[in-house]
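Undergrad: This is the structure, below, for whatever I ask next.
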Amino acid sequence: NGDRFSPFVTVSEGLDTGNKALVVLGDMQLYGIPRNRLWTHLQAPGLPGDRQIAVEEEVDWMVGEQIAIAPSQFDQFETEIFTIAARQGNLLTLDAPLKHLHYGEAALDVVNGVEIEIRAEVALLSRNIKIRGSATSDESG
């Protein structure tokens, strides 16, 4: 209620929420459209300069959603974030080319006698619930 110039709302001592807030003191459950999967692996290597990647399983991710591709090497800063420009089955077209190599072959690496998966993970970052307010709104509701 109010506008962006209204006084801050104090919920309890020491808890000021601002003047445009959604405050939950208890339990809040939000449900969006169920997704068939939130992450998968690359099916083929992603090479620097590639604008398409193949993922292991078919996903229901949509054009405009954001994904992250985990690094395959030892540098955490090789994680890359993209927007999906097109999707056909398990083939995703990215909004920009890859900058780093991402392993995508179904090889396993043996480290200290333990088998580990070395293909890069691909994760859906976007979620389908959005709560928006307007900084200029003068109306409640």
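The values are calculated or read from the model by the stated rules, or taken from the named source; none is laboratory data. This structure is a prediction, so every number in the text was calculated from the model and none was measured. Please note: Cβ atoms are built from the backbone with ideal geometry, for glycine as well, and neighbour counts cover all protein chains shown. Accessible surface is based on the protein model in full, side chains and every heavy atom, while ligands, DNA and RNA are left aside. Shrake-Rupley method; radii C 1.70, N 1.55, O 1.52, S 1.80 Å.
Undergrad: Taking the condition in contact with a Pro (Cβ under 6 Å, 6 or more places away or on another chain) and over 17 Å from ARG119 (Cβ atoms), does ARG35 pass?
TA: Working: in contact with a Pro (Cβ under 6 Å, 6 or more places away or on another chain): no; over 17 Å from ARG119 (Cβ atoms): yes.
Considered against the rule, which asks whether it is in contact with a Pro (Cβ under 6 Å, 6 or more places away or on another chain) and over 17 Å from ARG119 (Cβ atoms), ARG35 comes out as no.
Undergrad: Note down all Cβ pairs under 9 Å where the first residue falls in region 46-64 and is under 19 Å from THR79 (Cβ atoms), the second is at pLDDT below 95 and among the hydroxyl-bearing types (Ser, Thr, Tyr), and they're at least six residues apart or on different chains.
TA: Qualifying pairs under 9 Å: GLY46/SER72; GLY46/TYR103; TRP61/SER126.
Undergrad: Let me ask another. Modelled with pLDDT of 90 or more, of a type outside the set (Ser, Thr, Tyr), closer than 16 Å to SER126 by Cα and crowded, with 16+ Cβ neighbours inside 10 Å: is that true of ILE81 in this structure?
TA: Details: modelled with pLDDT of 90 or more: yes; of a type outside the set (Ser, Thr, Tyr): yes; closer than 16 Å to SER126 by Cα: yes; crowded, with 16+ Cβ neighbours inside 10 Å: no.
Taking the combined requirement at face value, the residue does not satisfy it.
Undergrad: Let me ask you something else. When both residues are 6+ apart or on different chains and their Cβ atoms are under 6 Å apart, which pairs have a first residue that lies in region 16-28 and is of a type outside the set (Asp, Glu), and a second that is open to solvent by 80 Å² or more (accessible area, probe 1.4 Å)?
TA: Listed pairs, sorted by first residue: GLY18/PHE8; ASN19/PHE8.
Undergrad: So which of LEU94, LEU125, LEU101 is modelled with pLDDT of 90 or more and over 15 Å from LEU42 (Cβ atoms)?
TA: So the residue among LEU94, LEU125, LEU101 that is modelled with pLDDT of 90 or more and over 15 Å from LEU42 (Cβ atoms) is LEU125.
Undergrad: Scan GLY32, GLY46 and give me the residue that is under 24 Å from the mean Cα position of the chain (by Cα), under 22 Å from ALA123 (Cβ atoms) and surrounded by 13 or more Cβ atoms within 10 Å (Cβ to Cβ).
TA: GLY46
Undergrad: Also, quick follow-up: Taking ASN19 as the residue in question, decide whether it is in contact with a Pro (Cβ under 8 Å, 6 or more places away or on another chain), open to solvent by less than 50 Å² (accessible area, probe 1.4 Å) and of a type outside the set (A, V, I, L, M).
TA: Working: in contact with a Pro (Cβ under 8 Å, 6 or more places away or on another chain): yes; open to solvent by less than 50 Å² (accessible area, probe 1.4 Å): yes; of a type outside the set (A, V, I, L, M): yes.
Criteria met by ASN19.
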